[in-house]
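Report on one structure; see the data block that follows.
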Amino acid sequence: MGIQRKITLAAALAGLMALLPITASAETSLTIESWRNDDLEIWSDKIIPAFNKDHPEIKVVFEPSPPADYNASLNARLAGGTAGDLITCRPFDASLELFKNGTLEPLTGLSGLDSFSNVAKSAWTTDDGATTFCMPMASVIHGFMYNKEIFKELNLSVPKTRDEFMAVLEKIKSGSRYTPIALGTADQWEAATMGFQNVGPNFWKGEEGRLALIKGSAKYTDAAYVDTFKHLAKWAPYMGKGYTAQKYPDTQNLFTLGRAAIYPAGSWDIATFNAQADFEFGAFPPPTGKAGDDCYISDHTDIGLGINKASKNKEAAKTFLNWMATSEFADLFANSLPGFFPLSNAKVTIEDPVASEFVSWRGKCKSTIRNSYQILSRGTPNLENELWNVSAQVINGKMTPQDAAKQAETGLAKWYAPHK
Amino acid sequence: MEKGVSARRFPIHIAVFLAPAVLIYSLFMIYPLIDTFRFSLFSPNEAGNLNFVAFDNYVKLLTDPDWSSSFWNALYNNFILFLVHMLVQNPIGLLLAALLSLPVLKGRQIYRTAIFMPTMMSVVIIGFIWQLILNPLWGVAETLMWHVGLDAFFYPWLGDEATALITLSLISVWQWVGIPMMLIYAALLGIPEDLTEAAEIDGASHMQIFWKIKLPLILPTLGVVSVLTFVANFNAFDLIYAVKGALAGPNFSTDIMGTLFYRVFFGFQLQIGDASMGATVATTMFLIILVGILFYLFVIQRRMQRYTF
């Protein structure tokens, strides 16, 4: 494989695209394009061997690129005809675009798709709901992780409402030298994703609010969104020193070194924290407005897998996708990658305590996805980029919650008809 | 002699010798430039087919508020980046070169190597190191400032709209100051000693020798250094991308032409890449640099020639 990879690389570099079919067509082999380079070992040591137990005739190679370069390098390889057979799909528009310009194979009629709910498939289905073009693989759930030892030391209990949440932050700040909440705004996405999209669903009632935004019956200037920004602005005094220059790895380290009590999290952090934190940590869902209110969580469809239309091994690729819909894959995937939750309806037992806490919220709360992902980030200015920018500015104290909501709404109204 | 050459038939061997360089340069430099320009004249329709739209993309970039606000912001920031380099990097480079060329200086090689060293390091490493140094949580900067009683002045510079760009510019200056230093140093070494000796005999001080004799003689080098600074800064991308990412925060205060191009051409997160607008930004960058260079060649360099005689 090492040599083949080198040949591939050299050929790509030299622009000698013609060389590639010769190296690739030797046997039925599938190459998977992915941005999950952290998962290389899990794929090569666990998932692919399990697949080969049932299908020894198909050779599978997992070839990830760095996450930030993935979209650009994948597009370049697709255009040059050197992309792999299976393509890991970003949710929504990036993949929809690939389907529309004919690089992804429609999966109509693939039996494995029946094991997924419509919400799970929504991220990889055309706007009219007719065609699905990627097999849903995993979602990530937002919530908060907390350092159990600090909570015990300061005699704190897990907050259920936002008032309790703020009270806990105040107690940590006044009663100890710990940083109450680990969050930085330098990378901007932390503020938007771990902040706004994490606590927001409780304000805008999950799917109800998200779909209303798409229909145009709700606006970003509505109370629900302004209140979300107001709530975020209140976090600022409890964040680490110099949080405006704090980046994601700093935030992670602040928590894993035991210097911060609460970490607004994405479930994908579980694996990192298991490896780095030498204290016990737990998780709680985003607090609600009043005790007993319905709760909503961001259960965001994040990873799918589709077939490259130019692939020479489409049958093998379909076999692989169908295998991915089995409970065997779901179980293997969920337990090898705690924090990435399989989307199929198959019953899965997750052994990791924090991951199983996260997934248990699916039973108690209603799931939704990030509200900027479907349709709303298609135009210029790009809504997701705007949310990153204004969320960071609100927490930095450079912008009022009202102005932030207004900027998001005016940006959207410029190009999206239902908001005009 | 000249008459003889022109009377002979066309010298084919010259064309043969030039061909490899011309071909390779045309294929990898001129062709992509022209093709980028051609591409910027097209725009994809709903179905993704490219239509010829002439200069519509340029009009959009410069007049549509969604595009022009990012464009002017990036251009403005780019000028700030360039100015900091011109006002800080090049004078320091000149000063260091002047100090290095002092005949009394000991350990010259050590200084020269140490100052030039950061230039050879990857920008990613530079960005990483400086972020660690300036990190408000565990950075060494605050401790160092505390030792000299200045810790009250410590601030998360990279996180504030008002200071982030200047901080990044100074990090870049720190990395690249070795280049102007080396170029100017080489020029200073090239000044014949009889000139300075003659001045010394005439009773000129060190300062007078530097300002009245050496500086005018190295002006062409300073011109080249300025042009290099101009081109490098308007093509800059890597340090900003490594430290602040493609969204160049906070609030686009560190966004320059390179990062704007990256976002437009390759896309970012949920923003889908737009190749024809990307080509428009790229061509605009090329034109800005071209105008800058032409200004230097026709206005400044011509005037400078007088002093070199």
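The values are calculated or read from the model by the stated rules, or taken from the named source; none is laboratory data. What you see is a predicted model; the values in this text were computed from it and never measured. No Cβ is skipped: glycine too gets one built from the backbone with ideal geometry, and neighbour counts run over all protein chains shown.
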- Note on the structure: Out of (1) assigned to a helix (DSSP H, G or I); (2) more than 28 Å from the chain's Cα centre (by Cα), the one residue B:184 does not meet is (2)
- Message: Which condition from (1) surrounded by fewer than 16 Cβ atoms within 10 Å (Cβ to Cβ); (2) within 14 Å of chain A (Cβ to nearest Cβ) is the one that residue B:207 breaks?
- Response: (2)
- Query: Looking at (1) more than 30 Å from residue B:128 (Cα to Cα); (2) modelled with pLDDT of 95 or more, which is the one condition that is false for residue B:170?
  - Reply: (1)
- Note on the structure: Taking the stretch B:27-73 and the residues there that are among the small types (Gly, Ala, Ser) and away from chain A (no Cβ under 14 Å), the one that is farthest from residue B:163 (Cα to Cα) would be B:54
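Residue by residue, here is whether (1) of a type in the set (Phe, Trp, Tyr); (2) under 18 Å from residue A:202 (Cα atoms); (3) within 14 Å of chain B (Cβ to nearest Cβ); (4) out of contact with any Gly (no Cβ under 6 Å at 6 or more places or on another chain) holds:
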{"position": "A:352", "(1), (2), (3), (4)": "no, no, no, yes"}
{"position": "A:369", "(1), (2), (3), (4)": "no, yes, yes, yes"}
{"position": "A:380", "(1), (2), (3), (4)": "no, no, yes, yes"}
{"position": "A:383", "(1), (2), (3), (4)": "no, no, yes, yes"}
{"position": "A:388", "(1), (2), (3), (4)": "yes, no, yes, yes"}
- Residues of the stretch B:261-301 satisfying the condition of being part of a helix (DSSP H, G or I) and charged (D, E, K, R): B:263
- Query: If you check A:109, A:84, A:102, which single one turns out to be farther than 21 Å from residue A:136 by Cβ, in the same structural domain as residue A:326 (by TED's automatic domain parsing) and either part of a loop (DSSP other than H, G, I, E, B) or touching a Pro at 6+ places or on another chain (Cβ under 6 Å) (or both)?
  - Reply: A:102
- Count, please, the residues in the stretch B:103-141 that happen to be more than 10 Å from every other protein chain (Cβ to nearest Cβ), farther than 21 Å from residue B:90 by Cβ, assigned to a loop (DSSP other than H, G, I, E, B) and within 27 Å of the chain's Cα centre (by Cα). 1
- Where residue B:84 falls short, out of the listed (1) within 14 Å of chain A (Cβ to nearest Cβ); (2) part of a helix (DSSP H, G or I); (3) buried (at least 17 other Cβ atoms within 10 Å of the Cβ): (1)
- Task: Could you give me the residue pairs with C-beta distances under 6 Å whose first residue belongs to the stretch A:167-192 and is within 13 Å of residue A:239 (Cα to Cα), whose second residue is assigned to a loop (DSSP other than H, G, I, E, B) and aromatic (Phe, Trp, Tyr) wherever it lies, and which are 6+ apart or on separate chains?
- Result: A:172/A:178
- Can you name every residue in the stretch A:249-291 that is in contact with a helix residue (DSSP H, G or I) (Cβ under 6 Å, 6 or more places away or on another chain) and of a type in the set (Ser, Thr, Tyr)? A:256, A:263, A:267, A:288
- Query: Being touching a Leu at 6+ places or on another chain (Cβ under 7 Å), under 19 Å from residue A:52 (Cβ atoms) and of a type outside the set (A, V, I, L, M, F, W, C), is that true of even one residue in the stretch A:302-321?
  - Reply: yes
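Results for (1) within 14 Å of chain B (Cβ to nearest Cβ); (2) buried (at least 21 other Cβ atoms within 10 Å of the Cβ), shown as yes or no for each residue.
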residue: A:191; (1), (2): yes, yes
residue: A:194; (1), (2): no, yes
residue: A:208; (1), (2): no, no
residue: A:212; (1), (2): no, no
residue: A:226; (1), (2): no, no
residue: A:233; (1), (2): no, no
residue: A:239; (1), (2): yes, yes
residue: A:257; (1), (2): yes, no
- Item | Index of the failed condition, residue B:223 passing every other in (1) over 29 Å from residue B:302 (Cα atoms); (2) surrounded by fewer than 20 Cβ atoms within 10 Å (Cβ to Cβ); (3) in contact (Cβ under 8 Å) with a residue 40 or more places away in the chain | (1)
- Message: So residue A:121 passes all but one of these: (1) modelled with pLDDT of 90 or more; (2) in a helix (DSSP H, G or I); (3) touching a Leu at 6+ places or on another chain (Cβ under 8 Å). Which condition number does it fail?
- Response: (1)
- Item | the stretch A:344-389 - residue that is more than 30 Å from residue A:291 (Cβ to Cβ) and charged (D, E, K, R) and, of those, surrounded by the most Cβ atoms within 10 Å (Cβ to Cβ) | A:384
- Members of the stretch A:378-398 found to be farther than 19 Å from residue B:65 by Cβ and of a type outside the set (Phe, Trp, Tyr), listed by number: A:384, A:387, A:391, A:392, A:393, A:394, A:395, A:396, A:397, A:398
- Item | Filtered residues of the stretch B:142-165 (kept if surrounded by fewer than 18 Cβ atoms within 10 Å (Cβ to Cβ), hydrophobic (A, V, I, L, M, F, W, C), within 14 Å of another protein chain (Cβ to nearest Cβ) and not in a loop (DSSP other than H, G, I, E, B)) | B:145, B:146, B:152, B:153
- Note on the structure: Taking the stretch B:247-269 and keeping only residues that are of a type in the set (Gly, Ala, Ser) and either buried (at least 22 other Cβ atoms within 10 Å of the Cβ) or facing another protein chain (nearest Cβ under 8 Å) (or both), one is left with B:248, B:249, B:258, B:267
- For residue A:169, state whether it is more than 18 Å from residue A:400 (Cα to Cα), out of contact with any Gly (no Cβ under 7 Å at 6 or more places or on another chain) and among the hydrophobic types (A, V, I, L, M, F, W, C). yes
